[in-house]
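Quick notes on the structure that follows.
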Number of protein chains: 2
Amino acid sequence: MSSVRLSTTSYVVLGMIALRGPSTPYDLKRAIGRSVGYFWSFPHAQLYSEPKRLEHAGLLELEEEQHGRRRKLYTITGEGETALRNWLSEPVNAHFELRDVAEIKLFFNELATPADVARLASGQIEQHERRIAEYESMQKRYSDIDDVASRMVTLELGLGMERAALDFWRDVAGRVERGEFPAPPAREAARRRARKAT
Amino acid sequence: MSSVRLSTTSYVVLGMIALRGPSTPYDLKRAIGRSVGYFWSFPHAQLYSEPKRLEHAGLLELEEEQHGRRRKLYTITGEGETALRNWLSEPVNAHFELRDVAEIKLFFNELATPADVARLASGQIEQHERRIAEYESMQKRYSDIDDVASRMVTLELGLGMERAALDFWRDVAGRVERGEFPAPPAREAARRRARKAT
DNA sequence: TTCTGGACAGTCTGAAACGGACGATTTCAA
DNA sequence: TTGAAATCGTCCGTTTCAGACTGTCCAGAA
């Protein structure tokens with residue numbers, strides 16, 4: 001009812017309930033964990049407080065409340081569906097963000113040792129290989145279930161990203177092995193700066 | 001001095017000061033905006049408060065404070081460099097996150113119209129093409145400046161990611177054009193569900 | 001000169017996001 | 001039948017976040 005600011009979190013909650021039908025926060029947590037959570041993680045506490053907010057805003061409805069384990073079942077309202085559809089039809093202006101601490105560490109490679117960079121790269125290669133295997137098995141598992149097929153597209157993007165990252169880190173690992181990286185001159189300069197500053 | 005929890009933000013601040021030498025928060029803001037900020041954005045207010053925290057922790061030193069425009073020049077301490085180097089040599093356990101609202105909207109494609117999806121895809125194609133052009137021109141501009149060459153590696157990862165995303169969205173656009181997507185049956189089911197809920 | 005607009009630099013605030021500890025409930029196997 | 005593990009939910013203190021706001025400096029117009 002009252003005008004609240006809706007964040008991406010809000011729309012994910014709204015969208016999940018629209019897709020799945022009436023859901024409890026815990027349902028959301030699990031559904032998100034198996035899908036969009038791979039790309040964008042939402043802290044579980046948020047998935048309990050956000051529906052409450054959305055209910056106050058009239059976009060969700062508290063359908064029923066069980067006893068004992070006091071679960072709350074939320075349903076999307078007509079208003080909620082309208083808000084969701086409007087959002088879906090709006091253009092996306094923000095560019096994606098790749099929050100990757102490995103990449104940040106690599107950015108500071110001048111301040112690290114070649115061994116550090118080598119370990120970083122091999123760790124990343126392992127991680128991305130594992131993730132690719134995981135995505136591929138998900139793809140195989142769900143490829144013939146028609147009902148979720150259209151949700152699986154995003155998996156393809158995930159796979160593309162993972163493979164690009166894997167290629168990149170393999171290249172980095174190769175360069176480090178061949179002694180091409182981190183570039184010795186820059187490293188020396190950094191070390192000189194470091195000494196001076198101590 | 002006192003033990004504070006160091007986040008990625010902390011290390012980015014520390015690392016930037018280590019690379020650039022004594023810096024003001026505003027310097028950091030600009031330097032980050034031109035580099036790691038492309039992947040992982042930090043709100044500028046953070047870049048004023050974080051150095052203060054790090055100074056209290058003994059990892060930075062307030063070197064001098066100009067008059068008039070009361071700028072604060074921060075320098076990294078020996079302790080700060082140690083903390084930074086330790087972090088750089090630690091393994092990365094977290095997987096990267098791709099925070100992309102376009103991808104989230106695509107995940108909910110069943111709830112949108114084909115026209116929505118088509119617009120989404122063409123918008124993304126444009127955005128990624130622009131970003132690729134930007135990255136390529138940065139690469140050209142800096143390729144012969146030895147001093148920043150090793151920082152430019154991360155640009156390659158960025159380019160790889162952008163190209164993967166571009167390929168993906170072109171594919172989506174093609175499928176939508178050919179009427180293969182969003183899958184009509186799923187869309188009908190969603191519509192039915194939607195009608196029932198209203 | 002003074003005025004003024006725009007780039008530059010920094011502060012403040014309230015709301016979300018975060019993560020992890022904790023508590024309660026249910027299930028199931030020993 | 002009991003108690004360990006899995007399930008489900010709340011709470012709380014930080015950190016992050018966006019963006020409004022304030023002040024400073026400089027250049028060129030008046």
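The values are calculated or read from the model by the stated rules, or taken from the named source; none is laboratory data. Everything numeric in this text was worked out from a predicted model, so none of it was measured. Virtual Cβ from ideal backbone geometry, glycine too; neighbours counted across all protein chains shown. Accessible surface is based on the protein model in full, side chains and every heavy atom, while ligands, DNA and RNA are left aside. Shrake-Rupley method; radii C 1.70, N 1.55, O 1.52, S 1.80 Å.
A few comments on the model shown:
- Contact with the other protein chains removes 40 Å² or more of accessible area, compared with the isolated chain and a 1.4 Å probe, from these residues of segment B:28-52: B:36, B:39, B:40.
- Label point 7 Å beyond Cα along the C-beta direction, distances from residue A:129 to other copies (nm, shortest first): 3.8
- Separation in nanometres of the label points that stand 7 Å from Cα toward Cβ, at residue B:167 and residue B:52: 4.7 nm
- Translational D in µm²/s for the protein assembly as shown (Stokes-Einstein at 20 °C, 1.002 mPa s, Kirkwood Rh from C-alpha pairs): 92 µm²/s
- 1.4 Å probe accessible area per residue over the protein assembly as shown, in Å²: 50 Å²
- Accessible area buried at the A-B interface, both sides summed, 1.4 Å probe (Å², nearest 100): 7600 Å²
- Nearest beta carbon of chain A to the A-to-B rotation axis, with distance in whole angstrom: A:164, 2.
- J(HN,Hα) series, segment B:25-38, from Karplus relation 6.51 cos²θ - 1.76 cosθ + 1.60, nearest Hz, glycine and proline x: x, 5, 4, 4, 4, 6, 4, 5, x, 8, 9, 4, x, 5
- The magnitude of the dipole of the protein assembly as shown, with charges of +1 and -1 set on the Cβ of Lys/Arg and Asp/Glu and taken from the Cα centre, is near 800 debye.
- Taken as Cα centroids, segment B:76-91 and segment A:103-174 sit 27 Å apart, rounded to the nearest whole angstrom.
- Ranked from shortest, the separations from the 7 Å Cα-to-Cβ label point of residue A:143 to its equivalents in the other copies are 3.9 nm.
- With Cα atoms, 0 to 90° folded angle of helix B:78-89 axis to chain B main axis: 30 degrees
- Most fluctuating residue given options A:52, A:140, A:29, as computed from a GNM of chain A linking Cα atoms under 10 Å: A:140
- Within 10 Å of the Cβ of each residue in B:134-141, the mean number of Cβ atoms contributed by other protein chains is 0.
- About the centre of its Cα atoms, segment B:1-65 shows a dipole size close to 360 debye [charges on the beta carbon of Lys, Arg (+1) and Asp, Glu (-1) only; nearest 20 debye].
- Globularity ratio of segment A:123-184, using Cα Rg and 2.2 N^0.38 Å: 1.49
- For chain A, the convex hull spanned by the alpha carbon atoms encloses 195 Å³ per residue.
- The lysine pair count for the protein assembly as shown, using Cα distances under 25 Å and pairs eight or more places apart or on different chains, is 22.
- Karplus 3J(HN,Hα) series, Hz, for segment A:174-181 with 6.51 cos²θ - 1.76 cosθ + 1.60 (x for Gly, Pro): x, 5, 5, 4, 7, x, 7, 7
- Global geometry of segment A:8-89, whether rounded, prolate or oblate, following the gyration tensor of its Cα atoms and the 1.5 cut on a/c: oblate
- In the complete set of protein chains, residue-level accessible area for residue A:73 is approximately 30 Å², probe 1.4 angstrom.
- Between 0 and 90°, nearest 10: helix A:46-56 axis offset from chain A longest Cα axis: 40 degrees
- Ligands, DNA and RNA left out, the 1.4 Å accessible surface of chain A is 49% carbon and sulfur atoms.
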